[in-house]
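Enquirer: Here it is: the structure, laid out below.
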Amino acid sequence: LTALDRYNHVVVQRLLERIVVEKTPYEITTTSNSLKVPEILAQQRFDLIITDLRMPGKDGMDLLRYVNESGRDELVLIVTAFGSLESATAALSEGAFDYLTKPVRQDEFIHTVERAMEWQACRREASRMREIFDREPFAKASAAFEREYIRRLADRWGSDIEALAARPGLPAARIREALEKNDKSGNAQ
């Protein structure tokens with residue numbers, strides 16, 4: 001990359017970072033050194049990786065392959081000023097969540113990030129439900145389902161025990177117990 005290309009890369013990175021920070025509720029971690037990405041990923045999990053297609057070191061396709069080969073759950077969004085049908089097809093066929101070409105419109109970028117985060121929420125929910133359905137004996141699965149059901153009620157309607165108990169017709173003591181178990185475990189176990 002030329003000095004101008006590197007400058008433009010950093011400018012776009014900062015612009016996209018500012019959009020995420022100012023226009024979404026999500027936290028963001030950035031690096032301008034693609035070689036540091038594996039190190040960053042070794043320290044924590046993310047929902048979405050936003051990468052340029054062409055970068056020095058590891059390019060966007062290298063990062064996409066790294067995520068896939070490592071069995072990671074992050075979705076990968078590739079952004080590029082050098083878009084082509086071939087590179088878009090290659091990125092999407094290798095599992096990129098989406099592929100955007102620069103200049104990226106702010107509303108399009110935010111919409112794509114929101115879709116990715118919704119997709120991740122659905123994946124987490126499916127995983128939680130799969131864990132519940134895989135439990136044996138039935139009594140353990142049933143108890144875990146009830147706690148998950150009550151957790152979702154509380155997410156939608158608040159933590160007023162009496163109000164929550166009225167909705168599904170469960171005793172308030174049962175609602176309280178389920179919420180306490182969810183608080184202790186961090187989820188419906």
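Enquirer: Could you give the alpha-carbon Rg of the chain over 2.2 N^0.38 Å, rounded to two decimals?
Expert: 1.32
Enquirer: Please give the Cα centre distance for the stretch 150-189 versus the stretch 105-126, rounded to the nearest Å.
Expert: If you average the Cα positions of each part, the centres end up 28 Å apart.
Enquirer: I'd like the accessible area for Ser142, computed on protein heavy atoms only with a 1.4 Å probe and all protein chains in place. Round to 10 Å², please.
Expert: It works out to around 50 Å².
Enquirer: Here is a follow-up. For every helix of n ≥ 4 consecutive DSSP H residues, a contribution of -39,500 (n - 2.57) applies; sum these over the chain, divide by its total residues, and give [θ] at 222 nm rounded to the nearest 500 deg cm²/dmol.
Expert: Rounded to the nearest 500, it is -19500 deg cm²/dmol.
Enquirer: Helix 60-69 sits at what angle to the longest principal axis of the chain, using alpha carbons and giving 0 to 90 degrees rounded to 10?
Expert: 40 degrees
Enquirer: Further question on the same structure: Could you provide, to the nearest whole Å², the per residue accessible area of the chain with probe 1.4 Å?
Expert: On a per-residue basis, 63 Å².
Enquirer: What is the angle, in °, between the Cα long axis of helix 172-185 and the longest principal axis of the Cα atoms in the chain? Nearest 10 is fine, range 0 to 90.
Expert: 40 degrees
Enquirer: What's the carbon and sulfur percent of the chain's accessible surface, probe 1.4 angstrom, rounded to a whole number?
Expert: Whole-percent figure for carbon plus sulfur exposure: 51.
Enquirer: Enter the angle in degrees (range 0 to 90, nearest 10) between the Cα long axis of helix 3-23 and the first principal axis of the Cα atoms of the chain, meaning the one along which they spread out most.
Expert: Once rounded, the angle reads 20 degrees.
Enquirer: In nm, what is the difference between 0.36 nm times the number of residues separating Met117 and Arg65 and their Cα-Cα distance?
Expert: Contour length minus the Cα-Cα distance gives 16.7 nm.
Enquirer: Starting from the residue with the highest accessible area, list Glu136, Glu131 in decreasing order, probe 1.4 Å.
Expert: So, going from the largest accessible area down, we get Glu136, Glu131.
Enquirer: Near the amide H of Leu100, under 5 Å away, which other amide H atoms are found, from residues 5 or more places off or on another chain, if H is placed in the peptide plane?
Expert: HN-HN under 5 Å from Leu100: Ile78, Val79, Thr80.
Enquirer: Let me ask something else. How far apart, in nm, are two points set 7 Å out from the Cα along the Cα-to-Cβ line at Ala42 and at Met129?
Expert: 3.7 nm
Enquirer: Pick out which of Ala154, Ala88, Ala144 has the largest mean-square fluctuation in a Gaussian network model of the chain, springs linking Cα atoms closer than 10 Å.
Expert: Its mean-square fluctuation being the largest, the pick is Ala154.
Enquirer: Which shape class, rounded, prolate or oblate, goes with the stretch 1-104 when its Cα gyration tensor gives a ≥ b ≥ c as root eigenvalues, a/c under 1.5 marks rounded, and past that a/b bigger than b/c marks prolate?
Expert: Rounded, because the longest to shortest axis ratio a/c is under 1.5.
Enquirer: Using a 1.4 Å probe on the protein heavy atoms only, what accessible surface does Lys23 show? Give it in Å² to the nearest 10.
Expert: 110 Å²
Enquirer: Rg/Rh for the stretch 47-137 to two decimals, with Rh computed the Kirkwood way over all alpha-carbon pairs.
Expert: On the Cα set of the stretch 47-137, Rg over Rh gives 1.07.
The values are calculated or read from the model by the stated rules, or taken from the named source; none is laboratory data. If you're wondering where the values come from, they're calculated on a predicted model, not measured in any experiment. Note that we place each Cβ from the backbone using ideal geometry, even for glycine, and neighbour counts take in every protein chain shown. In case anyone asks, the SASA skips ligands and DNA or RNA and just uses the protein heavy atoms, side chains included. Shrake-Rupley method; radii C 1.70, N 1.55, O 1.52, S 1.80 Å.
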